[in-house]
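*Asks:* This is the structure I want to talk about, given as structure tokens.
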Amino acid sequence: MAESLGVTSRTVTNYEEVGTRDIEGEAHSFAAHLLMPKRRVLGMVLTRASVSQILAAKRYFKVSAMAMARRAYELGRLSEWEYRQICSELTVQGYKSGEPRGLRPEQSKVFRFVADTNRQKGISVSTVSEETGLVPKELHGLSFGNIWAVTGGSSLSQRAILGRNESV
């Protein structure tokens, strides 16, 4: 999400420079600075960090192992050779293509409050749609697929609204 925010804010404010910039690189940098602040990383990750230290820091910052290794390298905690070795070991352990032990997605406390309140009041997807002026399919996307958690809608109504025949 931090990367998306970085891309969006930089692109919107500097749209005339888009063709000459590395937007994806800027987004990665923005995300790294936001999610892994320099002082905290320097306080947690030792110079010549091991794979286990990188994995401990990854869990603390709730980021991917490869992103944590990259940030440690960028902040001088790993030499280029050490960084390559760490990346090789993380790849062997399956971290190049994903997070073997997973990352728990953050859950908004506000979203949980809204979900509980709407469920208690019996507010439907249709009601939310009418009040916001958004079609149910847009609500579904904006809520990361959780609009029915907010309203307590059934899987039958979900399929009808999304125009799907399969289960959701």
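*Asks:* Using the structure shown, decide if Arg48 is modelled with pLDDT of 85 or more, in a helix (DSSP H, G or I) and over 27 Å from Leu142 (Cα atoms). Show your work before the answer.
*Replies:* Values: modelled with pLDDT of 85 or more: yes; in a helix (DSSP H, G or I): no; over 27 Å from Leu142 (Cα atoms): yes.
Here the answer is no, as Arg48 does not meet what is asked.
*Asks:* For segment 41-66: of the residues being touching a residue at least 24 places away in the same chain (Cβ under 8 Å) and open to solvent by 60 Å² or more (accessible area, probe 1.4 Å), which is nearest to the chain's Cα centre (by Cα)?
*Replies:* Lys62
*Asks:* Separate question: State which residue pairs qualify: first residue at positive phi and inside segment 117-132, second residue surrounded by 13 or more Cβ atoms within 10 Å (Cβ to Cβ) in any location, beta carbons under 8 Å apart, and separation of 6 or more residues or different chains.
*Replies:* Gly122/Gly152
*Asks:* If a residue counts only when it is at pLDDT below 90, in contact with a Gly (Cβ under 6 Å, 6 or more places away or on another chain) and open to solvent by 80 Å² or more (accessible area, probe 1.4 Å), which helices (runs of 4 or more DSSP H) contained entirely in segment 67-134 have at least 1 such residues?
*Replies:* Working: elements: 80-92, 109-121, 125-132.
The helices (runs of 4 or more DSSP H) meeting that bar are 109-121.
*Asks:* If we keep just the residues of segment 51-89 that are in contact with a Ser or Thr (Cβ under 8 Å, 6 or more places away or on another chain) and basic (Lys, Arg), which is farthest from Phe30 (Cα to Cα)?
*Replies:* Out of the qualifying residues, it is Arg77.
*Asks:* Follow-up question, since we're still on this one. If Val150 meets every condition in (1) modelled with pLDDT of 80 or more; (2) open to solvent by less than 50 Å² (accessible area, probe 1.4 Å); (3) part of a helix (DSSP H, G or I) apart from one, which number is that one?
*Replies:* (1)
*Asks:* Can you confirm whether segment 21-37 contains a residue that is modelled with pLDDT of 95 or more and among the acidic types (Asp, Glu)?
*Replies:* Within segment 21-37, not a single residue is modelled with pLDDT of 95 or more and among the acidic types (Asp, Glu).
*Asks:* Let me ask something additional. Hey, could you check segment 24-40 for residues that are open to solvent by 50 Å² or more (accessible area, probe 1.4 Å) and among the aliphatic types (A, V, I, L, M) and say which is nearest to Gly98 (Cα to Cα)?
*Replies:* Among those that are open to solvent by 50 Å² or more (accessible area, probe 1.4 Å) and among the aliphatic types (A, V, I, L, M), it is Leu35.
The values are calculated or read from the model by the stated rules, or taken from the named source; none is laboratory data. The structure displayed is predicted, hence computed values, not measured ones. Reconstructed Cβ throughout: ideal geometry from the backbone, glycine too, with neighbour counts over all protein chains shown. Keep in mind that these areas ignore ligands, DNA and RNA; they rest on the heavy atoms of the full protein, side chains included. Shrake-Rupley method; radii C 1.70, N 1.55, O 1.52, S 1.80 Å.
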